[in-house]
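A short write-up of the structure that comes next.
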Amino acid sequence: MTTPNRTNRRKFIAQTVKGGLAVTVGLSAAAPLLQSFTTNKNFVPGGFNTGFDQQPLPYAYNALENVIDAMTMEIHYSKHAAAYSKNVKDAAAAEKVNMTEPLEEVLSNISKYSAKMRNNGGGHYNHEMFWQCMRPKKENNAPTGKLLASIEKEFNSFENFKKQFAEFGKNRFGSGWAWLYINKEKVLTLGSTLNQDNPLMDIAEIKGYPLLALDVWEHAYYLKYQNKRADYIEAWWQVVNWDYVAERLHSYDI
Ligand code: MN
């Protein structure tokens, strides 16, 4: 095998990251280039670092109708999530954080920062991930391939997985998130966090690398579902972007 030159190597890495194979393919060639944006490899596999600026929503506000209505999406993205991004940047400036480094670096050491950083850093990260975890609805929407096999291995069946995940969402008292994540033993695990905490945080109740995020704050569903959080969660499965979840899983090299 010939050694690719630097340009080709970068292109190769970009393609493999896009294909979700970044860590399993060509790790030795990728290492020097990934290093610049992979400062905490345990928690930040290639291709999924988060910046401090809000990224464009990957679809229109009405794209998730009628699972999530356009008004909810617009307020959620342009007001709630935009505020987390603004506020985490304010906190980062005040606390002398280098905003060219991935936000994940701050989150993994969040105990060293302010409550403002914890709430808004988590809020920004969680929402940036949440938008990517969704796409326009599909009939019989379900994971495939290695992701499905991993889910069936840990939870017996996809149906059982959905049921258990939904319980974490329904039982989170007050505001928070439900998660599918990889724990430190590289096992797919379910859990939930309070407020805007997430599994990357050193002070979170659960720790690992998040694969799938569900926002169960009332602002995520109240206009359409009112108090019926369970109905929101049940409908939400139709818009989960399993390709994105699979890319996150593959990037973690399990
Ligand atoms: Mn939210």
Review point. In debye to the nearest 20, how big a dipole does the stretch 124-169 give about its Cα centre with +1 on each Lys and Arg Cβ and -1 on each Asp and Glu Cβ?
Key: 140 debye
Review point. When a footprinting reagent is the concern and you count Cβ atoms within 10 Å, what order do Leu190, Leu200, Leu223 take, fewest first?
Key: Leu223, Leu190, Leu200
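Which order do Asp53, Asp215 fall in if you start with the one that has the fewest other Cβ atoms within 10 Å? Write down the numbers at each step before the final one.
Working: Asp53 12, Asp215 26.
If I rank by nearby Cβ atoms, fewest first, I get Asp53, Asp215.
Would you work out the relative contact order for the stretch 138-254, in percent, from Cα pairs under 8 angstrom that are 6 or more residues apart? Intermediate results must be reported in sequence, preceding the final value.
Details: 164 pairs, mean separation 30.3, N = 117.
For the stretch 138-254, the relative contact order is 26 percent.
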Revision key, fill the gap. Put in order of increasing Cβ neighbours within 10 Å, starting from the fewest, Lys138, Lys162 give Lys138, Lys162
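Cα gyration tensor of the stretch 150-194, axes a ≥ b ≥ c as square roots of the eigenvalues: rounded (a/c below 1.5), prolate (a/b > b/c) or oblate?
It comes out oblate by the Cα gyration axes.
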Check your understanding: So how strong a dipole does the stretch 45-254 carry about its Cα centre when Lys and Arg Cβ are +1 and Asp and Glu Cβ are -1, to the nearest 20 debye?
Key -> 220 debye
Check your understanding: Near the amide H of Tyr61, under 5 Å away, which other amide H atoms are found, from residues 5 or more places off or on another chain, if H is placed in the peptide plane?
Key -> none
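Each reported figure results from applying straightforward, stated rules to the coordinates on display, with no laboratory input. Note that the coordinates shown come from a computational prediction; the quantities given were computed from them, not determined experimentally. Don't worry about glycine lacking a Cβ; one is built from the backbone with ideal geometry, like all the others, and counts go over all protein chains shown.
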